[in-house]
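Enquirer: My structure is below; once you've seen it, I'll send some questions.
The values are calculated or read from the model by the stated rules, or taken from the named source; none is laboratory data. Quick caveat, the model's predicted, so the values are computed rather than measured. Every residue, glycine among them, receives a Cβ derived from its backbone with ideal geometry; neighbour counts consider all protein chains shown. Quick note on the areas: whole protein, heavy atoms, side chains included, nothing else; ligands and nucleic acids left out. Shrake-Rupley method; radii C 1.70, N 1.55, O 1.52, S 1.80 Å.
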Amino acid sequence: MLNTEPNIASPDDFYEALLAIHQDLTPEQARAVDARLILLLSNHIGDMAVLRQAMARAREGIVPAGRDATIAVRA
Amino acid sequence: MHVDYQSLRFEYRRSPDQSSATPSHHPVVVVGAGPVGLATAIDLAGAGLRVLLLDDDRCLSNGSRAICFAKRTLEIFDRLGCGDRMVEKGVTWNVGRVFHGESPVYSFDLLPDGGHRRPAFVNLQQYYVEGFLLDRARSMPEIEIRWGNKVLSLLPREDGVELVVETPEGEYRVLADYVVAADGARSPIRRAMGLESRGRSFRDRFLIADVRMKADFPPERWFWFAPPFHPGGSVLLHSQPDGVWRIDFQLGWDADPEKEREPERVIPRVRALLGPEAEFELEWVSVYTFSCLRMERFRHGRVFFAGDAAHGVSPFGARGANSGVQDAENIAWKLALVLRGEAPDALLDSYDAERVPAADENILNSTRSTDFITPKSEASLAFRDAVLDLARDCVFARRMVNSGRLSLPSTYGHSPLNTPDADEFEGAMVPGAPALDAPLADGWLLSRLGGGFTLLHFGEAPPDLPETVPPVRAVNIARADDVEGLAAHRYDARPGTAYLIRPDQHVCARWRRLDQVKLRAALDRATGRAMGTP
């Protein structure tokens, strides 16, 4: 069960630290940091049900406006 | 004796069928003499059926093409009577290594436990596989091969399916009870029947350079992400017999397939990997793209699609030819039983029930590998690079590195032919699973199973079996036979444990104690006589 109640003792400290690791980065560099962070935290959590809940909440309300680079084929 | 199977040319010969006033009858026509068609024909002939094998060409595979043949495929070749030749000629390997840049990030051993007759894989050029299968097929009087015979159309009839066949001497017709279409990714039969295979294609191009050289790389699968000798792309290196090495370079979507095939472009890429001093010659060069796709159903009346005709995968998992050979053995025993009158036509529906989910499993694994190797969006690329970066010092990330999850046989866990367990069992040998091998005092477990239904019994004496249609043969494993205890371990067996095993060596039922009523019921289910009943 995904915990969405307050769980971090000092939320302001956390938020500052989160921004600090992105300081002076290009969008690509920031994306690399985020991707590594997500993987590290996901492995730490480990519980697939919790991870799926978190992924679903993160994706909520976003209507796809891009597309993947694959091509539908019929043979 | 060395045979250059690539250069063999087969004669077109006129058949008496071509002069017949009415179409000659054949119980089974197999179309396509590739690995799948040949395996199907041999399996059917082994069951005593007459098989007509048609191929529009007059030669075997041109170029190495499929090179990785998996343990299960080798076990099938053993059953077909040509496994030894494949393994003797092939390069045996079990270990794969993955590098990022120059650093090793991950390695895997595909067969960590011993006690199997066959290795995880042998590498063998497709023309050898086809050549050895062909030699076997030619030794069987039940098989007639007609080269230069192209199927133009199929006409369903009440009593069979009529095939219109084109030859250098004009068209003729044959009448088949059943047709197996193993005519490849572009399947002319699929097209002639107005059917489609659908899926996704990936925006990337790859170069295969098979080179002949003396090299001291070990017989392992080496895969590099972004190595210094091929910046930005991936490279795969793999050993084949006769001093041939498969090198596969990722080129990207914008590469020009015509130009990249030219030796003056290929040779510098190979030299960058092997070093300036390396001596090699190009054996076969190909630039390819790939798709993951399948037909909605593989059975269409009396016609069964198998191998690439039915489904397609990316090459990063060796799941193309291997799954095709598994299609072949799945349909062969069912057709044999139906044609001998030992099972109803409904048994043939289970080809779809078993092989469509198997194709989905292969497509899923192959798509996941492709998503890692060929990221399809900016986000996929970011996570791929993040996994590779973390893999240097975080063990968890190494298991996410995906350079191909290599072919394993499917377990038909939801097959209507299975009898669900009523007794308690542990381990992998669930109903629907392909039977695992184990060493016995006088050989190997799988070679004892034979080609029909087998009751594998663990105990001091074989049980008495009732007379059944089709017959069930008992194979008893006494404690003294199971020298290493691996058979009992792998089958979670105790004295009295019994497994009913299908002609294709998949488990269909098991009990702690044999009961003749239950055995008959399980056999009814496994032969399609009780499909749909609980």
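Enquirer: Can you sort B:V87, B:V507 by 1.4 Å-probe accessible area, starting with the largest?
Expert: From most exposed to least exposed: B:V87, B:V507.
Enquirer: Taking θ = phi - 60°, what integer Hz values does the Karplus form 6.51 cos²θ - 1.76 cosθ + 1.60 yield along segment B:238-247, in sequence order, with x for Gly and Pro?
Expert: The phi angles translate into 8, 8, 10, x, 6, x, 9, 10, 8, 10 Hz.
Enquirer: Give me the lysines in straight-line cross-link reach of B:K89: C-alpha distance below 21 Å, same-chain residues under 8 apart excluded.
Expert: Filter leaves B:K71, B:K214.
Enquirer: Please list, ordered by chain and number, the residues whose modelled amide H lies under 5 Å from the amide H of B:S234; skip anything fewer than 5 residues away on the same chain.
Expert: Those qualifying (amide H under 5 Å, at least 5 residues apart or on another chain) are B:A226, B:Q250.
Enquirer: Sort B:H414, B:H238 from largest to smallest accessible area, using a 1.4 Å probe on the heavy atoms of the protein chains.
Expert: Solvent-accessible surface, decreasing: B:H414, B:H238.
Enquirer: Sort B:D17, B:D135, B:D216 by accessible area with a 1.4 Å probe, largest first.
Expert: B:D216, B:D135, B:D17
Enquirer: In whole angstrom, how long is each semi-axis of the equivalent ellipsoid of segment B:42-128, when you take the square root of 5 times every eigenvalue of its Cα gyration tensor and sort them from largest down?
Expert: Output for segment B:42-128: semi-axes of 31, 19, 9 Å.
Enquirer: Give me a single rounded figure for B:392-402: the average over its residues of other chain Cβ atoms within 10 Å of their Cβ.
Expert: Going residue by residue through B:392-402 and averaging, the value is 2.
Enquirer: Still on this structure: Only sites in a loop by DSSP and with at most 13 other Cβ atoms within 10 Å count here; which GluC sites (Glu not before Pro) in segment B:239-332 make the cut?
Expert: B:E277, B:E279, B:E296
Enquirer: So what is the orientation-averaged projected area of chain B, using the convex hull of its C-alpha atoms, in nm²?
Expert: 26.5 nm²
Enquirer: Evaluate 2.2 N^0.38 Å with N set to the residue count of segment B:206-289, then give the Cα radius of gyration divided by it.
Expert: After normalising by residue count via 2.2 N^0.38 Å, the value is 1.01.
Enquirer: Here's another thing I want to ask about it. For the protein assembly as shown, I need the span (max minus min coordinate) of the C-alpha atoms along each principal axis, in Å, sorted largest to smallest.
Expert: 83, 61, 50
Enquirer: When the Karplus curve 6.51 cos²θ - 1.76 cosθ + 1.60 is applied with θ = phi - 60°, which whole-Hz ³J(HN,Hα) does each residue of segment B:319-332 get, with x for Gly and Pro?
Expert: Values, residue by residue: 9, x, 4, 5, 5, x, 5, 5, 4, 4, 6, 5, 7, 4 Hz.
Enquirer: While we're here: How large is the convex hull of the Cα atoms of segment B:130-245 per residue, expressed in Å³ as a whole number?
Expert: Per residue, the Cα convex hull of segment B:130-245 comes to 203 Å³.
Enquirer: Expressed as a fraction of 2.2 N^0.38 Å, the rule-of-thumb size for a compact globular protein of N residues, what is the C-alpha radius of gyration of segment B:21-75?
Expert: 1.38
Enquirer: In peptide A:36-45, how many Cβ atoms from other protein chains are near each Cβ within 10 Å, on average?
Expert: Mean shielding by partner chains, rounded to a whole number: 4.
Enquirer: Follow-up. Once amide H atoms are placed 1.01 Å from N in the peptide plane, what residues at a sequence separation of 5 or more from B:V475, or on another chain, have their amide H within under 5 Å of its amide H?
Expert: B:L455, B:L456, B:H457
Enquirer: In percent, how large is the relative contact order of segment B:1-108, given Cα pairs closer than 8 Å and 6 or more residues apart?
Expert: 21 percent
Enquirer: Give the dimensionless ratio obtained when the Cα radius of gyration of segment B:410-470 is divided by 2.2 N^0.38 Å.
Expert: 1.27
Enquirer: Over all directions, what mean area does the Cα convex hull of segment B:144-194 project, stated in square nanometres?
Expert: Taking a quarter of the hull surface, the average projection is 3.9 nm².
Enquirer: With unit charges on the beta carbons (Lys and Arg positive, Asp and Glu negative) and the dipole taken about the Cα centre of segment B:164-211, which residue among B:P168, B:F202, B:S187 sits farthest to the positive side?
Expert: Working it through, the farthest residue towards the positive pole turns out to be B:F202.
Enquirer: With θ set to phi - 60° and the Karplus curve 6.51 cos²θ - 1.76 cosθ + 1.60, what are the ³J(HN,Hα) couplings of segment B:488-500 in order, to the nearest whole Hz, using x for Gly and Pro?
Expert: Per-residue couplings from phi come out as 4, 5, 5, 9, 6, 9, 10, x, x, 4, 9, 10, 9 Hz.
Enquirer: Please tell me the relative contact order of segment B:225-381 in percent, rounded to the nearest whole number, where contacts are Cα pairs under 8 Å and at least six residues apart.
Expert: It rounds to 16 percent for segment B:225-381.
Enquirer: In segment B:338-435, which trypsin sites (Lys or Arg not before Pro) are in a loop and have at most 13 other Cβ atoms within 10 Å, using DSSP for the loop call?
Expert: Listed in order of number, the matching sites are B:R392, B:R399.
Enquirer: State, as an integer percentage, the relative contact order of chain B based on alpha-carbon contacts under 8 Å between residues 6 or more apart.
Expert: 14 percent.
Enquirer: Right, next: Please state the equivalent ellipsoid semi-axes for segment B:433-510: what are the square roots of 5 times the Cα gyration tensor eigenvalues, largest first, in whole Å?
Expert: Semi-axis lengths for segment B:433-510 are 19, 14, 11 Å.
Enquirer: So, one more: Report the semi-axes of the equivalent ellipsoid for segment A:11-59 in whole Å, largest first, where each axis is √(5λ) for an eigenvalue λ of the Cα gyration tensor.
Expert: Square roots of five times the eigenvalues give 22, 13, 10 Å.
Enquirer: Moving on to the next point. Return the calculated 222 nm mean residue ellipticity for chain A, to the nearest 500 deg cm²/dmol, obtained by summing -39500 (n - 2.57) across DSSP H runs with n ≥ 4 and dividing by the residue count.
Expert: -17500 deg cm²/dmol
Enquirer: A further question on this structure: Which lysines have a Cα lying under 25 Å from the Cα of B:K259, excluding residues fewer than 8 positions away in the same chain?
Expert: Within the straight-line limit of under 25 Å, B:K259 reaches these lysines: B:K376.
Enquirer: Here's something else I'd like to know. Considering only DSSP states other than H, G, I, E and B, which trypsin sites (Lys or Arg not before Pro) in segment B:186-235 qualify as loop sites with at most 13 other Cβ atoms within 10 Å?
Expert: Here the trypsin sites (Lys or Arg not before Pro) that fit, given the DSSP loop and packing criteria, are B:R186, B:K214.
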